[in-house]
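Notes follow the structure.
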Amino acid sequence: MSTTTPEHHAPYEYADPYAVDYWPAPANPYLDTDYLLAPPNPAERLSYTIDPRDRHRLDLHAALTTAGIPPRPEDRDAIDQLSALPAGINATLQRWLHHTA
């Protein structure tokens, strides 16, 4: 009975892309794909209205995150209850959080 040993060479060699500059130079070095976008045109904005409760919830999430208190998934019920409060109370909560940041 004879045993065969598997060959350990790969049909291709590994090429480290960071070891050598394999990438060809661009045809036009001044043609850069990384550029700033034009400012948005207000006339082209979509006209969606957000429910005030949703707006309060988003603003509260942003205020908490800015204050260094990122909301956790288990905080969702509390944030939903706070979002249902009137706009004046919601603004006060955000002002308090803004001053803690």
With criteria (1) of a type in the set (A, V, I, L, M, F, W, C); (2) assigned to a loop (DSSP other than H, G, I, E, B); (3) at pLDDT below 90, Leu97 comes up short on (2)
Among the listed residues Arg45, Arg72, Arg57, which satisfies the condition of being open to solvent by 100 Å² or more (accessible area, probe 1.4 Å) and modelled with pLDDT of 90 or more? Arg72
List the pairs whose first member sits in the stretch 32-52 and is part of a helix (DSSP H, G or I), whose second member is open to solvent by less than 100 Å² (accessible area, probe 1.4 Å) and not aliphatic (A, V, I, L, M), and whose Cβ atoms are under 6 Å apart, counting only residues at least 6 apart or on separate chains? none
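The values are calculated or read from the model by the stated rules, or taken from the named source; none is laboratory data. Owing to the predicted nature of the structure, the values given are computational and were not obtained by experimental measurement. Heads up, the Cβs are rebuilt from the backbone with ideal geometry, glycines too, and the neighbour counts pull from every protein chain shown. Each accessible area value is taken on the protein alone, full model and side chains, heavy atoms only, with ligands, DNA and RNA left out. Shrake-Rupley method; radii C 1.70, N 1.55, O 1.52, S 1.80 Å.
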